[in-house]
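One structure is given here, and the rest of the page talks about it.
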Amino acid sequence: MRVICTSCTAVNNIPNKESYKKANCGNCKKSLLDNNLMNLNESNFDEVVVNSDIPVIVDFWAPWCGPCKIMGPVFEKISKQYVLKTLFTKVDTEVEQTLGSKYAIRSIPTLIVFKNGLEVERISGALDEGSLKSLVKKHLS
């Protein structure tokens with residue numbers, strides 16, 4: 001399956017297994033198991049979403065948003081539980097206004113789940129840990 005390195009955004013082909021003891025990026029050699037959270041911008045968004053064989057969850061947020069600040073640590077915590085199962089990404093809508101406009105983000109935080117390059121679900125509002133886990137499990141292949 002194809003997965004994206006969160007360090008260098010290289011596309012890596014790895015075997016689809018239930019768990020991994022070791023998986024390194026073929027480009028930068030960093031472990032694909034260490035980090036499962038990356039920031040997206042206009043230049044890498046499409047490449048990451050289209051080239052990932054695992055679901056990609058995008059958190060559209062802003063630094064001034066209270067609910068975003070509350071959900072941020074939960075999003076990061078849950079991301080560590082689904083390494084190489086679901087890719088967790090963030091888009092700062094203050095910096096990446098074009099992406100916010102392209103995806104018609106009207107309120108933040110908004111989570112969009114992409115599978116096979118297509119949007120399959122959208123949820124607006126902060127999620128607690130249980131709700132975020134449910135969202136992830138719903139989209140695991």
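The values are calculated or read from the model by the stated rules, or taken from the named source; none is laboratory data. Please read all numbers here as calculations on a predicted model, not as lab measurements. Note that we place each Cβ from the backbone using ideal geometry, even for glycine, and neighbour counts take in every protein chain shown. When the accessible area is computed, the model is the full protein with side chains, heavy atoms only, and any ligands, DNA or RNA have been set aside. Shrake-Rupley method; radii C 1.70, N 1.55, O 1.52, S 1.80 Å.
You will find that of 54, 123, 70, the residue that is surrounded by fewer than 18 Cβ atoms within 10 Å (Cβ to Cβ), of a type outside the set (Phe, Trp, Tyr) and under 15 Å from the mean Cα position of the chain (by Cα) is 123 and no other. For the stretch 95-115, a residue qualifies if it is more than 17 Å from residue 75 (Cβ to Cβ), hydroxyl-bearing (Ser, Thr, Tyr) and touching a strand residue (DSSP E or B) at 6+ places or on another chain (Cβ under 9 Å), and exactly one does: 103. Can you pull out every residue in the stretch 94-120 that is within 15 Å of the chain's Cα centre (by Cα), open to solvent by 30 Å² or more (accessible area, probe 1.4 Å) and of a type in the set (A, V, I, L, M)? 118, 120, listed by residue number. Scanning the stretch 25-51 for residues that are among the polar types (S, T, N, Q) and without any contact (Cβ under 8 Å) to a residue 24 or more places away in the chain, which turns out least open to solvent (accessible area, probe 1.4 Å)? Within the stretch 25-51, the match that is least open to solvent (accessible area, probe 1.4 Å) is 31. Of note, residue 12 does not satisfy the criterion of being open to solvent by 40 Å² or more (accessible area, probe 1.4 Å) and either part of a loop (DSSP other than H, G, I, E, B) or in contact with a strand residue (DSSP E or B) (Cβ under 9 Å, 6 or more places away or on another chain) (or both). Among the residues of the stretch 1-30, those identified as within 11 Å of residue 84 (Cβ to Cβ) and over 17 Å from the mean Cα position of the chain (by Cα) are 14, 15, 16, 17, 18, 19, 20, 23.
Each residue in the stretch 58-94 was checked for being in contact with a Ser or Thr (Cβ under 6 Å, 6 or more places away or on another chain) and closer than 23 Å to residue 137 by Cα, and 4 pass. Kindly provide the set of residues from the stretch 92-118 that are without any contact (Cβ under 8 Å) to a residue 12 or more places away in the chain and within 11 Å of residue 58 (Cβ to Cβ), ordered by number. Answer for the stretch 92-118, where residues must be without any contact (Cβ under 8 Å) to a residue 12 or more places away in the chain and within 11 Å of residue 58 (Cβ to Cβ): there is none.
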